[in-house]
Amino acid sequence: MRPKSTIATWDLPTRLFHWALVGLFINAYLTFEFGDVNMTYHMWNGYAILTLCLYRLFWGIIGSNTARFSNFIKGPKAVLSYLTSLIRPPSEKHLGHNPVGGLMVIALLMLLLGQGTMGLFTSDEIIVEGPLVFIASDDWVSLAGTLHRVGFWVILGFVGLHVSAAFFYLLFKKENLIRAMITGRKQSHTVPISQSLEKRPLYLAALCLGLAAGCVWLALNIWHF
């Protein structure tokens, strides 16, 4: 029997999360630059990003093995070892995220959660106010607005690094990570033979998404009870 040329690595919920977040991030910029004056669509976009990021935190605990944080959050020694292997072959093989990619996942999640949260407290002092401005001091609203503006460029920088890394692997390591996140499969020679994807039921992903949406809704409305 011929060995499989590709091996399943990413479950459907993780892939849908990834590309939905990409779309929402782009749309967040477009609705800010070209949306209505009240920023209604931009705000709804922000709520969706917060929901997705919270969902990913939950899925990172109970999701499929390659989605779980315990699978790819490593210490400095593991990160250094992986970076060294890129320079001095053979490179380490990982079914899911490698240790450096894992750091990028956490960084982007935290930045996007922070960006969305700051947006809730942001005001232009003329027309647009975030939904939680009324519970914050003027100093906090001013700080939140500054962080929200600067945060976009910080996130954009990390996104640039993320995309650059994907092209580095494609051009120099012959690993198509972009295609893998679309199809859910990696080329077999790039992953450990002894590892395989352990999927979790889709209803768990739906529960995580529902819980995340509930948390965002509660954060926006609890102050009105």
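Just to be sure I understand the filter: pairs with C-beta atoms under 6 Å, separated by 6 or more residues or on different chains, first member in the stretch 73-95 and touching a residue at least 40 places away in the same chain (Cβ under 8 Å), second member assigned to a loop (DSSP other than H, G, I, E, B) and surrounded by fewer than 15 Cβ atoms within 10 Å (Cβ to Cβ). Which pairs pass? So the pair list comes out as Lys93/Pro192. Restricting the stretch 1-50 to residues that are of a type in the set (Asp, Glu) and free of Cβ contacts under 8 Å to residues at least 40 places away in the same chain, the residue that is farthest from Gly184 (Cα to Cα) is Asp36.
When the residues of the stretch 53-88 are filtered to those that are among the hydrophobic types (A, V, I, L, M, F, W, C) and assigned to a loop (DSSP other than H, G, I, E, B), the one that is surrounded by the most Cβ atoms within 10 Å (Cβ to Cβ) is Ala67.
No other residue among Gly151, Gly145 is crowded, with 18+ Cβ neighbours inside 10 Å, small (Gly, Ala, Ser) and touching a helix residue (DSSP H, G or I) at 6+ places or on another chain (Cβ under 7 Å) apart from Gly151. The residues of the stretch 157-198 that are in a helix (DSSP H, G or I), among the small types (Gly, Ala, Ser) and more than 18 Å from Val22 (Cα to Cα) amount to a single one, Ser188.
None of the figures in this text is laboratory data; all of them are computed from the coordinates on show. Keep in mind it's a predicted model, so treat the numbers as computed, not measured. A quick note on method: Cβ atoms are made from the backbone with ideal geometry, for glycine too, and the neighbour counts reach across all protein chains shown.
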